[in-house]
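Have a look at the structure below before the remarks.
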Amino acid sequence: MNAEKLVVDWLNTDPGLRPATASLSMPPDASSTSPTAHITVERTGGPESPFVSRPLFAVQAWAESRWEASELANRTAERIRHITDIDEVADVDILSITDFPSPDGRPRYQVTCQLTIKTNYTESEEA
C-alpha cells in the first residue's frame, strides 16, 4: 500500500476542501503569479515493520493569502483526523499546524501528522 496515495485519495473525497485538490506534487500550472488553493502530501519518514507502518507526513496547504492557507490547513487537519474511518488505519496523530511560507513567498501552512497503518491487512481479518 502506498501511504501517500492513501492520504491524497482520502483528502480528495472531501467536498469541504474544494476547490483545493490534493496531490503528491504541485500542479504544473501553479506558480507565484497564479496562486491557487492546493494541498500537497509528502511522506517525510516513519518506521516500517512487517505488520505496522508509521508514516510521517508533511501535508502542505497552499492558497492565495496566509489566512486562506491557514483555513485550508485547519480543514485539512480535521479531515485527516477522520482517516481512521479507513479499515487499514488504526490511529492518527496531528503533530503540528504551522505557518510555512514557501521560499518564493507563496502562502502555505504545513500539517505534520503520523498514521499507524496495518501493513499485512487482509479482508479475512474483518470476519
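Can you work out which of the residues in the range 84-115 that are open to solvent by less than 50 Å² (accessible area, probe 1.4 Å) and farther than 17 Å from THR44 by Cβ is farthest from the chain's Cα centre (by Cα)?
Top of the filtered list is ARG106.
Return the pair list, or none, for Cβ contacts closer than 6 Å from residues in the range 47-62 that are without any contact (Cβ under 8 Å) to a residue 24 or more places away in the chain to residues that are not small (Gly, Ala, Ser), at least 6 apart or on different chains.
From the range 47-62, the pairs are PRO47/ARG54.
Each row is one residue, and each column tells you yes or no for (1) open to solvent by less than 20 Å² (accessible area, probe 1.4 Å); (2) on the phi > 0 side of the Ramachandran plot; (3) outside any strand (DSSP E or B); (4) in contact with a His (Cβ under 7 Å, 6 or more places away or on another chain).
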{"site": "GLY16", "(1), (2), (3), (4)": "no, no, yes, no"}
{"site": "THR36", "(1), (2), (3), (4)": "no, no, yes, no"}
{"site": "GLU42", "(1), (2), (3), (4)": "no, no, no, no"}
{"site": "GLU64", "(1), (2), (3), (4)": "no, no, yes, no"}
{"site": "THR76", "(1), (2), (3), (4)": "yes, no, yes, no"}
{"site": "ARG79", "(1), (2), (3), (4)": "no, no, yes, no"}
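If I filter the range 54-69 down to residues being out of contact with any Ser or Thr (no Cβ under 7 Å at 6 or more places or on another chain) and of a type in the set (A, V, I, L, M), which single residue comes out as nearest to ARG81 (Cα to Cα)?
Filtering the range 54-69 for residues that are out of contact with any Ser or Thr (no Cβ under 7 Å at 6 or more places or on another chain) and of a type in the set (A, V, I, L, M), the one nearest to ARG81 (Cα to Cα) comes out as ALA69.
Listed here are the residues, each with its yes/no results for (1) in contact with a strand residue (DSSP E or B) (Cβ under 8 Å, 6 or more places away or on another chain); (2) at pLDDT 95 or above.
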| residue | (1), (2) |
| --- | --- |
| ALA30 | yes, no |
| SER34 | no, no |
| THR44 | yes, yes |
| SER49 | no, no |
| ARG54 | yes, yes |
| ALA61 | yes, yes |
| ALA69 | yes, yes |
| ALA73 | yes, yes |
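The values are calculated or read from the model by the stated rules, or taken from the named source; none is laboratory data. Bear in mind the structure is a predicted one, so any value in this text is a computation, not a measurement. With ideal geometry, Cβ positions are generated from the backbone for all residues, glycine too; neighbour counts draw on all protein chains shown. Heavy atoms of the whole protein, side chains included, go into the accessibility calculation; ligands, DNA and RNA do not. Shrake-Rupley method; radii C 1.70, N 1.55, O 1.52, S 1.80 Å.
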